[in-house]
Ligand code: AMP
Ligand code: ZN
């Protein structure tokens with residue numbers, strides 16, 4: 001008994017650590033929160049019964065760590081950041097209430113109820129009303145520095161308003177991504193062949209850690225603060241302090257509620273069980289906090305949790321249904337995505353017929369068999385997914401679901417690249433969904449912006465043999481279109497005009513339109529700026545590509561591969577017969593005084609705002625990076641810069657320059 005308990009404790013500790021890593025660092029959880037919490041509970045119980053076997057670094061005693069970068073900077077929190085003990089049952093809320101009352105030796109307690117936002121937590125330091133530093137939760141003791149990124153988040157003020165804010169405090173909050181932003185981001189990622197994020201939480205956490213804060217700004221993150229940490233509180237009620245924070249300009253949720261007793265707490269929980277579905281972002285429960293800050297102090301913390309708060313978590317809704325079949329979809333990049341076809345079932349108000357399966361690993365992890373009875377869940381994800389299989393109900397000789405080996409559209413054997421979870425159909429020039437997808441991408445608004453060519457029309461042009469690749473578009477004649485049943489004179493002429501108009505589309509958009517894997521809009525711009533012409537880019541070596549800021553191995557490899565493919569070279573030769581833009585427009589070009597040197601800006605400056613300085617760097621051919629590394633060329637330092645940054649720059653031997661030095665560099669002063 002004891003021996004097997006010891007074994008199980010070790011096993012659970014190991015598993016939970018791996019799940020923490022998947023969740024907080026990789027942003028790719030493989031089990032649901034509910035399953036995770038179940039494992040954690042089991043470990044807690046075992047450790048309770050057999051404390052002698054509990055590991056010193058047990059996941060029950062430590063918050064899951066999101067610390068990732070060796071390279072990026074870390075900083076200690078002034079006050080530790082904790083996790084929250086959580087529960088899925090109302091009974092346990094009664095226990096919590098009883099513990100609190102006993103701990104305080106009183107009979108009535110006022111609670112504050114808040115939404116439990118499902119995002120990534122941050123800790124922001126304000127000094128004299130100015131935002132000084134932002135950190136991720138990290139391991140609870142120290143976090144990754146993400147100050148520049150946090151500054152791009154709408155609603156986080158750089159300067160507080162009013163006069164009565166405390167001189168210095170840390171404030172904790174959650175950074176979130178709204179559903180519509182998430183869907184837009186994923187659509188963009190799919191379009192350039194990047195793996196979409198599994199849910200808004202992962203997207204938010206991943207975005208917070210991007211190295212380029214301009215990219216972060218585009219991600220449209222939002223934030224709600226919910227907790228102050230400081231030496232002495234200016235008043236006793238957490239609720240009232242948060243209302244004050246609102247007046248100081250900090251983003252505080254409008255859905256906070258002060259409950260006179262546990263019954264009111266329960267009512268709030270019930271109310272939000274339904275209401276949460278109409279929020280534009282995800283919440284996964286309700287956080288209940290003792291309202292009096294003095295009482296909070298009195299109760300204190302365990303190693304991992306505050307004793308004055310608990311999270312009531314809503315169970316993600318699940319439904320049981322039958323797997324009818326698995327079909328395989330081929331995208332523009334040739335990526336093959338398995339989709340489960342299900343017996344229709346009701347789930348959170350909608351009928352679910354299909355669920356995404358992502359890739360082969362996912363199918364294997366679930367151990368999915370033909371005809372299985374499966375659990376589907378709609379968690380943060382927009383598309384429901386299969387989270388479990390009811391093995392007990394499995395038909396006797398059911399076979400495991402096998403991944404296809406040939407393309408369902410064209411029959412070509414599929415390939416799987418090293419380090420990639422997805423299968424691809426390599427038949428780029430003969431596989432219909434890939435061809436149609438590529439043409440649609442080329443004509444899309446952000447690329448060549450050719451009007452009038454939707455899915456159906458492109459498909460028809462392909463089937464009639466009129467357009468088999470993007471170069472064929474430019475050969476298309478007015479009469480070709482008019483002969484097709486769908487076209488009247490006007491619509492045919494419009495398309496021809498729009499195709500001609502695309503001659504003038506700037507080079508970077510043409511490059512994006514080619515649909516090179518991993519070359520999205522931003523990467524296309526970067527490449528265009530750096531190489532200046534398609535001819536230069538075509539002969540760039542793998543190493544040369546990697547010299548470009550923000551171009552990593554994956555992109556470099558993909559670009560080289562693209563231009564090594566004879567089919568693509570043929571295509572480009574044909575495009576070159578038309579007066580398209582194969583070079584960067586000189587007028588658009590920026591001066592290159594700074595010659596791609598990388599700058600980190602920190603602190604406050606006398607003459608220019610940081611945004612102005614950043615723009616000046618860009619316009620003069622330099623690059624802005626958000627964190628110091630050995631690759632940084634200059635630290636542009638202003639007033640009030642963090643001592644750690646200064647120290648790090650010195651350690652790495654990075655020249656530290658003032659605003660004046662910088663202006664001299666540009667020849668402005
Ligand atoms: P867990 O992720 O289960 O460890 O739960 C703790 C986390 O919940 C905290 O670290 C916060 O990031 C998050 N959280 C979300 N909303 C709130 C809230 N209103 N109050 C406190 N923590 C919250
Ligand atoms: Zn194919």
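For the condition farther than 26 Å from residue 462 by Cα and either within 16 Å of ligand 2 (Cβ to nearest atom) or surrounded by 14 or more Cβ atoms within 10 Å (Cβ to Cβ) (or both), what is the one hit in 432, 416?
None of the other options fit; the residue is 416.
Being under 25 Å from the mean Cα position of the chain (by Cα) and in contact (Cβ under 8 Å) with a residue 40 or more places away in the chain, is that true of even one residue in the stretch 294-306?
No; the residues of the stretch 294-306 include none that is under 25 Å from the mean Cα position of the chain (by Cα) and in contact (Cβ under 8 Å) with a residue 40 or more places away in the chain.
Yes or no: residue 162 assigned to a strand (DSSP E or B) and either on the phi > 0 side of the Ramachandran plot or buried (at least 18 other Cβ atoms within 10 Å of the Cβ) (or both)?
no
Scan the stretch 111-129 and tell me whether some residue there is under 16 Å from residue 217 (Cα atoms), in contact with a strand residue (DSSP E or B) (Cβ under 7 Å, 6 or more places away or on another chain) and surrounded by fewer than 21 Cβ atoms within 10 Å (Cβ to Cβ).
No; the residues of the stretch 111-129 include none that is under 16 Å from residue 217 (Cα atoms), in contact with a strand residue (DSSP E or B) (Cβ under 7 Å, 6 or more places away or on another chain) and surrounded by fewer than 21 Cβ atoms within 10 Å (Cβ to Cβ).
Output the number of residues of the stretch 40-81 satisfying the condition of being within 13 Å of ligand 1 (Cβ to nearest atom) and either crowded, with 19+ Cβ neighbours inside 10 Å or in the same structural domain as residue 9 (by TED's automatic domain parsing) (or both).
Count: 10.
Got a sec? Which helices (runs of 4 or more DSSP H) wholly within the stretch 578-669 have at least 3 residues that are closer than 25 Å to residue 207 by Cα?
610-619, 643-651
Show the residue pairs that are 6+ apart or on different chains and have beta-carbon atoms under 7 Å apart, the first residue being within the stretch 441-459 and surrounded by fewer than 17 Cβ atoms within 10 Å (Cβ to Cβ), the second being in a loop (DSSP other than H, G, I, E, B).
Listed pairs, sorted by first residue: 449/505.
Taking the stated definitions as given, is residue 509 away from ligand 2 (no atom under 16 Å from the Cβ) and assigned to a loop (DSSP other than H, G, I, E, B)?
In short, no.
Take residue 467 and decide whether it is surrounded by 21 or more Cβ atoms within 10 Å (Cβ to Cβ) and free of Cβ contacts under 8 Å to residues at least 40 places away in the same chain.
yes
Checking residue 606 against (1) under 30 Å from residue 498 (Cα atoms); (2) not assigned by TED's automatic domain parsing to the domain that holds residue 534, only one condition comes out false. Which one?
(1)
Among the candidates 132, 124, single out the residue that is in a strand (DSSP E or B), under 19 Å from residue 65 (Cα atoms), away from ligand 1 (no atom under 12 Å from the Cβ) and over 18 Å from the mean Cα position of the chain (by Cα).
124
Kindly evaluate residue 17 against the criterion of being within 25 Å of the chain's Cα centre (by Cα), surrounded by 13 or more Cβ atoms within 10 Å (Cβ to Cβ) and in a loop (DSSP other than H, G, I, E, B).
Here the answer is no, as residue 17 does not meet what is asked.
Looking at the stretch 141-159, can you tell me whether even one residue there is without any contact (Cβ under 8 Å) to a residue 60 or more places away in the chain, in contact with a helix residue (DSSP H, G or I) (Cβ under 7 Å, 6 or more places away or on another chain), surrounded by 19 or more Cβ atoms within 10 Å (Cβ to Cβ) and more than 29 Å from residue 306 (Cα to Cα)?
For the stretch 141-159, residues without any contact (Cβ under 8 Å) to a residue 60 or more places away in the chain, in contact with a helix residue (DSSP H, G or I) (Cβ under 7 Å, 6 or more places away or on another chain), surrounded by 19 or more Cβ atoms within 10 Å (Cβ to Cβ) and more than 29 Å from residue 306 (Cα to Cα): absent.
Does residue 438 count as surrounded by 17 or more Cβ atoms within 10 Å (Cβ to Cβ), within 30 Å of residue 498 (Cβ to Cβ) and within 16 Å of ligand 2 (Cβ to nearest atom)?
yes
The values are calculated or read from the model by the stated rules, or taken from the named source; none is laboratory data. Keep in mind the model is a prediction, meaning the values are calculated, not measured. Backbone-built Cβ (ideal geometry, glycine too); neighbour counts: all protein chains shown.
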